[in-house]
Amino acid sequence: MVAADSIELVVGLGNPGSEHEKSRHNVGFWLLDEWALKTRTDFSKEARFHGLLAKGAAGMYGLKPTTYMNLSGRSVAAFARYYKVKPSQILVVHDDLDLPVGSVRLKHGGGHGGHNGLRSITQELGTDGYRRARIGIGRPPEGWDVTNYVLGSVKPSECDEICVAIDRVVDSLEDIRAGAFTQVMNRLNTREKKKAEGI
């Protein structure tokens, strides 16, 4: 039996196409690729959901919208309607400019913070009451264009830090699926706070 606090769907945000594979904006795709690798799960194209879909052994789905970032909500809403999944049972993984590179924070609900993927999902679901895993990509240097920064390729040093953050979330997905989102959120967020404070 699935707990009320469980996650039925993990959405990784990103843009389709080989030219975007290494971009900062695609860390959501990276996370689901790592999850699929660790769980020996394969993604397949699902036209009705406008994306690539995989189902893990525990029954949790992974969805990579192929609509491009600004229309991600179409994919998420189509899945939610078909499987009658509540917004609170959806975890959206996305890049976050407001967190240092390699940081990770979980949260439930909240604004889109200027992220067009979140903006689209909130609009299509009619609520911001879904859960998020925020993967820090840091702010661009002064004078840089933000769009070019998020669409730009990650530096090797940044990649190492981001991959560590991704691993922490992937390793927690089984607990999250089982209904321990709040406990995992508190554990990961407390760890990040101590890290920021140098403890």
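Checking every one of the GluC sites (Glu not before Pro) in region 18-112 against DSSP loop status and a limit of 14 other Cβ atoms within 10 Å picks out 21. Spin-label pair residue 186-residue 37: with each label point 7 Å from Cα along the Cα-Cβ axis, the two points sit 3.3 nm from one another. In region 9-196, the DSSP beta bridges split such that about 50 percent are antiparallel, to the nearest 5. Highest mean packing first, where packing is the average number of other Cβ atoms within 10 Å per residue, the peptides 167-179, 121-133, 64-76 line up as 64-76, 121-133, 167-179. A cut-off of 5 Å between modelled amide H atoms, ignoring neighbours fewer than 5 places along the same chain, links residue 109 with 130, 131, 132.
For region 72-131 versus region 135-195, the spacing of their alpha-carbon centroids is 15 Å. Taking the Cβ of residue 36 as the center, what net charge do the other residues with Cβ under 11 Å away carry, scoring Lys and Arg +1 and Asp and Glu -1? Neighbourhood net charge equals +1.
Using a simple spin-label model with pseudo-atoms 7 Å out from Cα toward Cβ, residue 44 and residue 163 lie 3.0 nm apart.
Estimated purely from DSSP H runs of n ≥ 4, each contributing -39500 (n - 2.57), the mean residue ellipticity at 222 nm for the chain is -11500 deg cm²/dmol once divided by its residues. Which one, 17, 117, 87, is farthest towards the positive end of the dipole of the chain when Lys and Arg carry +1 and Asp and Glu -1 on their Cβ? Ranked along the dipole, the leading option is 87.
Placing +1 on the Cβ of every Lys and Arg and -1 on the Cβ of every Asp and Glu, with nothing else charged, gives region 9-196 a dipole about its Cα centre of roughly 680 debye. Normalised by residue count, region 52-163 yields a Cα convex hull volume of 118 Å³ per residue.
Given contacts defined as C-alpha pairs under 8 Å and at least six residues apart, what's the relative contact order of region 1-116, whole-number percent? Working shown, then result.
Details: 174 pairs, mean separation 37.6, N = 116.
Once normalised by length, the contact order is 32 percent.
Rule-based calculations on the coordinates, nothing more; no lab input. Predicted model, so just to flag it, every value in this text is computed and none were measured. Cβ sites come from the backbone with ideal geometry, for glycine too, and all protein chains shown count toward neighbours.
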